[in-house]
1. From the list (i) 17.3, 54; (ii) 25.7, 89; (iii) 18.7, 56, can you say which value of Rg and Dmax of the Cα atoms in Å was derived from the structure given?
2. Count the lysine pairs in the chain whose Cα atoms sit under 26 Å apart, keeping only pairs 8 or more residues apart in sequence or on different chains.
3. May I ask you to give the solvent-accessible area per residue for the stretch 31-144, in square angstrom, as obtained with a 1.4 angstrom probe?
4. Answer rounded, prolate or oblate for the stretch 1-107, using the Cα gyration tensor with square roots of eigenvalues a ≥ b ≥ c: rounded when a/c is under 1.5, else prolate when a/b is larger than b/c, else oblate.
5. Classify the stretch 86-141: rounded, prolate or oblate, from the alpha-carbon gyration tensor (a ≥ b ≥ c, eigenvalue square roots; a/c under 1.5 rounded; otherwise prolate if a/b is larger than b/c)?
6. Round to a whole number: what % of the accessible area of the stretch 201-276 belongs to carbon and sulfur, probe 1.4 Å?
7. Given the -39500 (n - 2.57) contribution per DSSP H run of 4+ residues, what per-residue ellipticity at 222 nm results for the chain, rounded to the nearest 500 deg cm²/dmol?
8. Using alpha-carbon positions, what is the distance between the centroids of the stretch 13-76 and the stretch 240-281, in Å?
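The values are calculated or read from the model by the stated rules, or taken from the named source; none is laboratory data. From a predicted model like this one, the values you see are computed outputs, not experimental measurements. All Cβ positions, even for glycine, are placed from backbone atoms using ideal geometry, and neighbour counts span all protein chains on display. Only protein heavy atoms, including side chains, enter the accessible area calculation; ligands, DNA and RNA are left aside. Shrake-Rupley method; radii C 1.70, N 1.55, O 1.52, S 1.80 Å.
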Amino acid sequence: MNNTAVILNPSAGNEQARHWQERIESIVRGCPVRVTLHSAEAEALARRAAEEGFGKIVAAGGDGTVNEVVNGIVGSSAALGLLPIGTVNVFAMELGLPLRNLELCWDIIQGDNVRLVDLPSAKGRFFVQLAGVGLDAQVVKETSLAFKRSFGPLSYLISAAQIAARKPPKLLIESENASVEEGSFVLIGNGRHYGGPFPFFKHAIIDDGLFDVVVFKRLGYLEIIKYLQDVVFSSDIRVPEIEYFQTRRLSITSEQDVPVELDGELAGNCPVEFQIQKKALRVLAPATPS
């Protein structure tokens with residue numbers, strides 16, 4: 001397995017860094033494990049590993065670590081592997097990885113089954129699973145690292161409750177496939193899941209070359225939060241206050257400073273243009289049943 005390098009973000013597991021390093025090293029059995037010491041370091045470590053010729057580069061962390069590693073290996077021939085030790089691990093869930101069994105995830109990495117999945121981009125960054133413009137990005141922006149460490153996933157709900165009383169922004173939407181031109185909040189999916197085991201983007205396929213877009217029209221934040229629940233728990237989206245469409249390109253502008261998040265990480269403000277490369281990312285994934 002000298003062809004494999006592991007990029008470990010120990011803080012993703014919300015436990016002692018030493019524990020996670022020892023655990024991962026015991027699983028990967030002699031493969032180099034490069035540990036991040038500060039935020040945004042995983043991208044640089046992944047890029048260096050790709051330049052050194054490693055054919056498999058493994059993100060050991062959560063969705064933020066996966067995002068960084070992907071941005072580090074884009075343009076190389078390296079395949080992405082995942083050892084999910086984050087809080088939610090949405091992309092690993094999308095791929096069908098056994099989230100509670102890191103040993104089985106390592107077996108999948110050793111198994112050499114490569115799946116080609118789509119590679120979206122925006123604001124000069126690549127992402128793999130989802131993006132948001134408006135409410136959820138504002139929540140990410142206002143939820144500090146210390147707050148997340150103290151309250152875990154609950155910290156986002158607390159921030160959302162504080163933001164809910166504000167007036168939402170006006171977003172202008174441009175896409176050849178959209179029948180709506182204005183909204184208060186936009187979510188963009190490459191896969192089906194958003195925020196956990198919720199099939200939010202009902203028709204999304206991770207290798208079809210299309211974004212799935214959900215636009216919440218001119219609604220207040222409290223109404224948006226109500227409709228979010230409806231979208232998550234219904235089999236399809238039929239309410240007139242929400243628009244669902246698929247597209248290859250999407251542009252969103254606003255006269256206000258509206259934040260953008262990619263895979264749960266803040267990526268600046270509007271304006272933003274989303275593009276997608278079909279089947280441009282090589283990922284080590286479970287073999288699909290024949």
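1. It is the one labelled (iii).
2. So the count of such lysine pairs works out to 26.
3. Per-residue value: 35 Å².
4. It comes out rounded by the Cα gyration axes.
5. Oblate, since a/c reaches 1.5 and b/c is not below a/b.
6. Roughly 49 percent, rounded to a whole number.
7. Computed mean residue ellipticity for the chain: -8500 deg cm²/dmol.
8. Going from one Cα centre to the other spans 27 Å.
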